[in-house]
Amino acid sequence: MDELELLDSKIIPTDSIGNLNILCVLIDYDYPRCFIAKSDNNNLYALIENEEGIYKFGWNVSEVSLDDISKVNKSKKNIQSLFIGKKNNFILTFDKGDKIGRTVSVDKFEGIYEIKGNLFVQDFCDMDDLFDIHEIHKKSIQTGKSSISLVLEDTDCPNTGSILSWIKYIMEICKNLKNPLDINDSKLSVQKGSTVITFEFDNENNNTLFNGDVETDRNNIGVNQLGNIFGANTPEAIITEEPEVKAIQKYSKMLEHLKKYTSSKPKVVLSVPQNDKTVSYKFNEINCDKKIDYANQAKHLAEDHFVSSNEDIEIKGILTGILTSRSKNQFTFKSVDNTIYNGLVDFTMLGSNSTFVINSCMYKAIINRTIIKKDNVEVKRTYKLMNLIPIEHLKIYQQGKLF
């Protein structure tokens with residue numbers, strides 16, 4: 001096998017560091033002269049052609065990190081920096097006809113193996129997804145916070161409406177998990193043909209990665225649920241953690257929106273910092289068609305898994321609190337038997353002239369009650385205030401009791 005055949009195969013077998021799979025080319029002059037490769041055990045190596053002679057060919061090889069490659073990719077450092085001061089350096093040599101290259105460990109490259117010049121690379125975009133993930137993980141370690149990122153390739157200039165829709169869908173999914181995730185504002189970056197939208201979870205302690213002690217880390221339970229939804233390969237896997245049906249619906253709608261916008265497969269990265277390193281809990285390329293089908297099946301499975309009842313009830317008592325902004329509407333109502341009802345307010349009763357008396361008027365409240373049961377055991381109960389009908393001014397209120 002000669003050098004060109006070997007390069008064309010994209011795999012360079014060696015005797016001591018295994019197969020090196022070519023990922024991207026930094027310098028190409030008639031054929032690849034310098035490139036990045038990954039070994040079978042996921043180590044990254046930089047290779048640059050050396051002068052072995054007429055009957056031999058080979059490369060200088062150095063083990064490198066993503067940070068090393070990223071600095072070269074951004075032209076912060078030259079290509080030579082990938083081969084200077086590294087701990088694991090090799091001379092890799094093939095005789096004509098060899099099928100496996102011979103490696104010799106060296107402290108540094110000198111003599112005929114010295115790398116001369118001052119070489120820079122402007123761009124090697126086939127590594128962009130790797131850099132996206134690297135930057136996401138790096139940020140997660142720096143902030144100490146978990147995050148979810150949506151990575152879309154070939155989207156240099158996404159329109160504002162699409163971005164806002166993706167942001168809204170992800171926030172809605174997180175809000176409607178069984179254990180909701182509190183997330184900060186999204187961060188948007190566009191680099192080398194990719195749009196990356198990242199959300200950080202507003203959690204104080206996220207350094208236990210689903211190690212069984214889930215009660216100590218409520219937000220990571222949420223991350224686990226989110227990972228199940230985005231990473232599921234079967235409808236059943238989506239409902240493993242029993243998310244709310246609404247979260248699955250929002251996930252399906254997000255996929256439908258993504259499918260209309262981009263022909264490439266979007267990626268989802270969940271990063272969780274743990275002991276000064278980042279664990280990527282889920283990294284998935286999303287096949288939108290397949291995932292939409294999974295989501296729709298999972299929605300029906302979740303609905304069959306739970307039984308719900310819905311009815312309007314009439315309660316006499318006093319209104320103890322109400323918040324009626326258009327973005328957030330909540331009420332608190334205390335019945336004559338001192339039962340407290342909390343929930344949302346129906347927008348249709350919030351007319352422009354609506355007035356509500358707090359703690360000093362008897363009302364008949366029409367409240368919609370929803371009860372959700374799993375295997376005949378109540379798991380959730382919600383209330384929505386549908387109407388308030390004044391009865392009379394409260395005459396007597398003693399010791400927390402209504403008369």
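The values are calculated or read from the model by the stated rules, or taken from the named source; none is laboratory data. Computed from a predicted structure; not experimentally measured. Note: ideal-geometry Cβ built from the backbone for every residue, glycine included; neighbour counts use all protein chains shown. Calculation scope for accessible area: heavy atoms of the full protein, side chains included, ligands and nucleic acids excluded. Shrake-Rupley method; radii C 1.70, N 1.55, O 1.52, S 1.80 Å.
Residue separation of Ile27 and Lys364 scaled by 0.36 nm, minus their Cα-Cα distance, works out to 113.5 nm of gained length. Normalised by the number of residues in region 1-58, the mean separation of alpha-carbon contacts (under 8 Å, six or more apart) gives a relative contact order of 21 percent.
In terms of its Cα atoms, region 1-105 spans 39, 29, 22 Å along the principal axes, sorted from long to short.
Between Val336 and Lys290, the modelled label-to-label distance comes to 6.1 nm, taking each label 7 Å out from Cα in the direction of the beta carbon. Rolling a 1.4 Å probe over the protein chains gives Val379 an accessible area of about 80 Å². Residues whose amide H comes within less than 5 Å of that of Glu52, counting only those at least five positions distant or on another chain, are Gly58 (H built at 1.01 Å from N in the peptide plane). Structure note, pairs Lys145/Lys250; Lys178/Lys291; Lys86/Lys139: Cα-Cα distances above 22 angstrom occur for Lys145/Lys250; Lys86/Lys139. Which of Lys316/Lys380; Lys10/Lys76; Lys334/Lys380 have a Cα-Cα distance over 26 Å? Where the Cα-Cα span goes over 26 Å, the pairs concerned are Lys10/Lys76. One chain, two ends: Ile391 and Lys96. Fully extended at 0.36 nm per residue, the span grows by 96.3 nm beyond their Cα-Cα distance.
Computed from backbone phi, the HN-Hα couplings of region 376-388 come to 6, 10, 5, 10, 7, 9, 10, 10, 10, 7, 9, 6, 10 Hz, rounded to whole numbers (Karplus: 6.51 cos²θ - 1.76 cosθ + 1.60, θ = phi - 60°; Gly and Pro given as x).
Amide H to amide H, with H built 1.01 Å from N, Lys178 comes under 5 Å of Glu244, counting only residues 5 or more places away or on other chains. Amide H to amide H, with H built 1.01 Å from N, Cys361 comes under 5 Å of Leu319, Leu394, counting only residues 5 or more places away or on other chains.
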